[in-house]
Amino acid sequence: MFAWLARYRLRLVFRGAFLLLALSTLALAASLLQQEKQLSYDNYLINFKKTQQQISATLRHPTGQMALLNPPATGESAQLHPLLLPFSALDFDDQSKVQQAIAMSGCLLQYGDKGSLCVGIGNNPWAGGYIYVAGNFVSEDLVSHKRREQIFSLAHRVQVRVSLRGQTYSWVALFEEEPLTSPAQAARGRLTGFLASNVDKEGARPERDFRGWIWQKASCAQPGQTEDTCLKDAFFSLRLPIAAFQEALFEKRKPVWPPEDLNQIQVELQVLAPNSDIPIFDSRHKTTSVPFSLTDLQNLLLPGETLQIKNLGDDRTLVKLTGAIEQADESWNLLTKFIRHLPVNEYDKPLASREVITTPLNNYEIALTGDLRSVSKTLSVVATRVSWFVGAMLIALFLAWLLIEIRIIRRITILTKRADALSKTVMGAKGLERFDVNDLRNNDELGVLATCLHNLLRRVKEDVEREAIRAEQEKEMWHAVGHEIMSPLQSLMALHNNTDDQSHRYIQRMQQAIRVLYGSASPSEAFQSTTLQVTEIDLVNFMRNIAENAPCVGIPKVEFIGPATAVMVRADEYSLEDVVTHILRNAERYRAHETAITINLTTSETLASFTIHNKGPQIDASLIDKIFEYGVSDQPDSAANGNRGQGLFVAKTYMAKMGGTIVVENTVDGVSFILSLQRGRSAYTKQQH
């Protein structure tokens with residue numbers, strides 16, 4: 001399998017590199033998202049703690065205390081009704097204290113540039129059943145009511161009406177000026193209250209428990225105006241005695257406070273100028289702002305956060321708020337799910353806090369719960385925008401890969417397939433003609449390579465054609481040579497017709513050599529295509545005869561060492577003689593001066609081996625595995641000296657055809673050729689008997 005994959009290794013490396021780049025881009029984007037999620041989570045924790053602290057600080061402030069004491073009404077309430085103040089009572093006689101108290105509690109209702117008004121009751125029922133009204137309005141210099149004056153409309157006056165439980169309390173408070181205590185004031189005085197039902201009666205007396213004060217600034221409300229005619233800001237403070245509240249204090253040991261119908265109490269107030277029935281300030285007009293309420297805490301909540309405020313006294317939930325989730329850009333659901341699964345420290349830990357706020361009447365539990373989904377949602381919106389850039393990078397990588405795949409890799413693949421097919425099917429020049437790379441030739445690097453291959457194969461084709469012509473010429477030459485030599489050999493054979501004559505033996509060997517080479521294109525093909533006549537011969541007698549006749553062919557001092565009895569082997573006599581003669585000629589060429597060549601014969605049950613050994617130089621290690629190949633020789637210009645490098649090639653070829661083997665070994669003092677032949681069947685059977 002690895003060998004098969006090796007053919008595609010370069011393509012796999014190339015495609016794997018682009019795949020790795022794409023995966024790295026995605027991994028980088030995922031890593032950045034994970035880091036951004038961690039940062040977003042840390043920032044969310046910080047903002048969550050800030051929200052908790054802001055809500056806690058707000059609810060501990062008198063403004064928040066009043067919001068806790070006056071939860072949002074569930075039913076329809078009057079347009080203006082008293083609020084339960086976070087104070088036991090108001091020091092209505094002191095302007096600074098009253099202004100500070102109503103400013104801190106945030107109970108003022110704004111009526112545009114006409115003025116403001118705060119209506120409330122104290123949180124301590126034993127401070128008396130009073131409704132406190134405080135506020136401001138703008139008017140010209142206040143006109144005081146003169147004592148014993150029976151006409152009330154000649155002075156500035158305040159009309160107040162309170163409706164509750166089917167009863168209506170109505171007062172008219174007249175401004176009665178008193179000496180100034182500060183140069184910054186234009187007027188200061190009491191608001192003396194009379195029951196509205198007694199206003200037209202002679203000798204009407206003021207209400208004993210009704211108290212009120214009014215203070216007017218000396219400066220103009222609008223800068224740049226003349227102080228004699230401009231409008232000036234006036235602040236008033238009233239304490240209204242409510243008989244229904246005072247009577248309830250004595251009905252039970254512990255009165256219900258605040259009253260259960262507090263939201264249903266209706267309060268109306270008008271400020272009238274002298275000799276006019278048109279109010280310069282009227283609480284029945286539409287307000288432009290309302291006091292702080294618990295529902296206003298929703299603006300402090302982060303998206304998805306939940307705030308629940310519970311009254312621990314009666315285990316009643318006052319309000320449950322959820323942070324508004326802004327309508328953001330749409331994000332992919334798949335991307336949101338992916339972001340949720342990114343690992344972040346303590347991300348799965350529930351995020352909630354609980355705190356108890358103490359007020360003079362009750363304790364309130366503030367439960368704030370975070371929503372970590374908003375982190376993923378917010379991040380997913382950002383990630384959706386970033387994903388376009390990541391997608392653009394992936395598309396760019398894909399286009400780059402596709403361009404290279406089409407322009408380079410595809411052409412390399414085609415060239416590789418054609419070259420592979422050529423290596424399997426090439427047979428001479430015709431196989432080269434099927435290898436066509438004209439469609440791959442171009443001016444780029446790959447085109448240059450295809451052009452070079454085209455030119456190279458054209459040269460190879462030309463060489464193959466020339467080699468075929470040369471082989472045909474050699475074949476014709478061998479035919480001619482063989483024809484011219486065979487006739488003289490036939491004549492010599494007639495002269496030496498006696499089989500005992502040694503010349504007859506050598507003439508037969510010459511004829512066999514001519515028949516082997518006759519009609520072949522090359523010597524190597526001739527030797528490989530030779531068919532031998534394998535018979536059983538006596539190897540002892542054969543080798544002894546070779547040793548005795550070796551001097552006749554110029555190889556003196558050949559010694560045979562072997563058994564005295566016959567050793568029958570399967571071989572072709574003439575071919576075996578050629579094999580031994582080639583080896584002896586090599587041994588003669590390299591043996592030391594005046595040393596003998598020994599032939600040592602050994603036998604086994606199935607094989608007969610003889611070793612031809614000569615003393616002299618050893619064979620070079622780089623040639624010892626190649627000396628049996630055709631044309632291999634260690635002599636320069638061997639062909640010119642008559643050495644074609646084919647003797648040992650012939651020896652190995654003939655030994656193989658006779659079912660034998662031949663090997664060469666370097667010994668301590670020279671070289672040994674070891675030849676092995678199969679023993680004859682008759683000799684093997686005789687040995688068994």
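Results, tabulated for the structure shown:
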quantity: Scan of the range 32-57 for residues that are under 24 Å from Leu294 (Cβ atoms), buried (at least 18 other Cβ atoms within 10 Å of the Cβ) and either out of contact with any Gly (no Cβ under 8 Å at 6 or more places or on another chain) or of a type in the set (Val, Ile, Thr) (or both), ordered by number; calculated: Thr51, Gln52, Ile55
quantity: Flag if Phe194 is crowded, with 19+ Cβ neighbours inside 10 Å and without any contact (Cβ under 8 Å) to a residue 60 or more places away in the chain; calculated: yes
quantity: Near pairs, Cβ below 8 angstrom, 6+ apart or cross-chain, from the range 84-106 (in contact (Cβ under 8 Å) with a residue 60 or more places away in the chain and in a loop (DSSP other than H, G, I, E, B)) to any residue that is hydroxyl-bearing (Ser, Thr, Tyr) and buried (at least 23 other Cβ atoms within 10 Å of the Cβ); calculated: Pro86/Ser105; Leu90/Tyr132; Leu90/Ser237; Phe92/Tyr132; Phe92/Ser237; Asp93/Ser237
quantity: Flag if Ser237 is assigned by TED's automatic domain parsing to the domain that holds His156, touching a residue at least 40 places away in the same chain (Cβ under 8 Å), at negative phi and of a type in the set (Ser, Thr, Tyr); calculated: yes
quantity: Residue match in the range 175-190 (condition: hydroxyl-bearing (Ser, Thr, Tyr) and in contact with a Lys or Arg (Cβ under 7 Å, 6 or more places away or on another chain)); calculated: yes
quantity: The lone exception for Asp501 - which of (1) modelled with pLDDT under 85; (2) over 29 Å from Gln473 (Cβ atoms); (3) in contact with a Leu (Cβ under 9 Å, 6 or more places away or on another chain) it fails; calculated: (3)
quantity: Single match in Thr25, Thr51, Thr63, Thr58 (criterion: assigned to a helix (DSSP H, G or I), more than 30 Å from Leu361 (Cβ to Cβ), in contact (Cβ under 8 Å) with a residue 12 or more places away in the chain and among the β-branched types (Val, Ile, Thr)); calculated: Thr25
quantity: Only listed residue being in contact with a Ser or Thr (Cβ under 7 Å, 6 or more places away or on another chain) and more than 15 Å from Pro82 (Cα to Cα), chosen from Ala218, Ala243, Ala273; calculated: Ala273
quantity: Enumeration of residues in the range 357-398 that are under 20 Å from the mean Cα position of the chain (by Cα), modelled with pLDDT of 80 or more and surrounded by fewer than 14 Cβ atoms within 10 Å (Cβ to Cβ); calculated: Trp388, Phe389, Gly391, Ala392, Ile395, Ala396, Phe398
quantity: Scan of the range 549-599 for residues that are assigned to a helix (DSSP H, G or I) and under 22 Å from Thr667 (Cα atoms), ordered by number; calculated: Val579, Val580, Thr581, His582, Ile583, Leu584, Arg585, Asn586, Ala587, Glu588, Arg589, Tyr590
quantity: The one condition in (1) at pLDDT below 90; (2) surrounded by fewer than 20 Cβ atoms within 10 Å (Cβ to Cβ); (3) not basic (Lys, Arg) that Ala596 fails to fulfil; calculated: (1)
quantity: Positions within the range 533-563 being over 17 Å from Thr602 (Cβ atoms) and not β-branched (Val, Ile, Thr), in sequence order; calculated: Gln533, Glu536, Asn545, Glu548, Asn549, Ala550, Pro551, Cys552, Gly554, Pro556, Lys557
quantity: Evaluation of Lys424 against (1) exposed (fewer than 11 other Cβ atoms within 10 Å of the Cβ); (2) at pLDDT 75 or above (one fails), failing number; calculated: (2)
quantity: Some residue of the range 280-295 being modelled with pLDDT of 85 or more, of a type outside the set (Phe, Trp, Tyr), outside the structural domain of Leu85 (by TED's automatic domain parsing) and part of a strand (DSSP E or B); calculated: no
quantity: Residue list for the range 126-140, filter: under 25 Å from Pro179 (Cβ atoms) and either outside the structural domain of Leu180 (by TED's automatic domain parsing) or not aliphatic (A, V, I, L, M) (or both); calculated: Gly135, Asn136, Phe137, Ser139, Glu140
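Matching residues to (1) exposed (fewer than 11 other Cβ atoms within 10 Å of the Cβ); (2) over 21 Å from Asn198 (Cα atoms); (3) not assigned by TED's automatic domain parsing to the domain that holds Ile214:
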site: Leu142; (1), (2), (3): no, yes, no
site: Arg148; (1), (2), (3): yes, no, no
site: Val160; (1), (2), (3): no, no, no
site: Pro183; (1), (2), (3): yes, yes, no
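The values are calculated or read from the model by the stated rules, or taken from the named source; none is laboratory data. Everything numeric here is computed off the predicted structure, so don't read it as measured data. Please note: Cβ atoms are built from the backbone with ideal geometry, for glycine as well, and neighbour counts cover all protein chains shown.
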